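Here's the structure, in structure tokens; my notes come after.
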Amino acid sequence: MAAKLRKGDKVIVLTGKDKGKTGEIESVDPKAGKAVVGGVNIAVRHTRQSQNAQGGRIAKAMPIDLSNLSAVDANGKATRVGFRVEDGKKVRFAKTTGDVI
């Protein structure tokens, strides 16, 4: 099945502690049904210092379930994603505005 949300998409969080926040998808794990969104669902991880990295408390964006995310249309509102064929190519479009994503 084609992915409705992909890396680089601008999304809004629908539920949870970060409800209403927007961000860009940094990575997607389709098997687990989760995505990492920049600046959303931040957790503090305590890491040991190593030769390559500074130790301490590091803020890290944690995965969030895809069902709790929605694509953002041109107006900045949450929208559902649909598929249609244009010029022989399958494209994603915003259901609210009809614009190609």
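Quick note: the coordinates plus some simple rules give every number you see, no bench work behind them. What you see is a predicted model; the values in this text were computed from it and never measured. Glycine gets a Cβ as well: all are built from the backbone with ideal geometry, and neighbour counts include every protein chain shown.
With the charge dipole of the chain set up from +1 on Lys and Arg Cβ and -1 on Asp and Glu Cβ about the Cα centre, the Cα lying farthest toward the positive end among the listed residues V13, A32, G56 is that of G56.
Given Cβ point charges of +1 (Lys, Arg) and -1 (Asp, Glu) and nothing else, what value in debye, to the nearest 20, does the dipole of the chain about its Cα centre take?
Working: 20 positive and 10 negative charges, 57 e Å.
So the dipole magnitude of the chain works out to roughly 280 debye.
Counting only aspartates and glutamates at least 8 places from K77 when in the same chain, those with an alpha carbon closer than 14 Å to its own are D9, D99. Remark: for residue pairs K34/K95; K7/K95; K19/K89; K10/K60; K17/K95; K60/K89, the C-alpha separation exceeds 28 Å in K19/K89; K60/K89. In summary, the lysines within cross-link reach of K90, defined as a Cα separation below 17 angstrom excluding same-chain residues under 8 places away, comprise K4.
Highest mean first, the peptides 12-23, 32-43 sorted by other C-beta atoms within 10 Å per residue fall in the order 32-43, 12-23.
For segment 52-101, the Kirkwood hydrodynamic radius comes to 13.8 Å, computed from all pairs of different C-alpha atoms. Label sites at K89 and S27, each approximated as a point 7 angstrom past Cα along Cα to Cβ, lie 2.8 nm apart.
Note down the Stokes-Einstein diffusion coefficient of the chain in µm²/s, whole number, using a Kirkwood radius over alpha carbon pairs, 4 °C, and 1.567 mPa s.
Numbers: Rh = 15.0 Å.
Result for D is 86 µm²/s.
For the ranges 77-88, 55-66, what's the packing order if you count other beta-carbon atoms within 10 Å of each residue, average per peptide, and put the highest first?
55-66, 77-88
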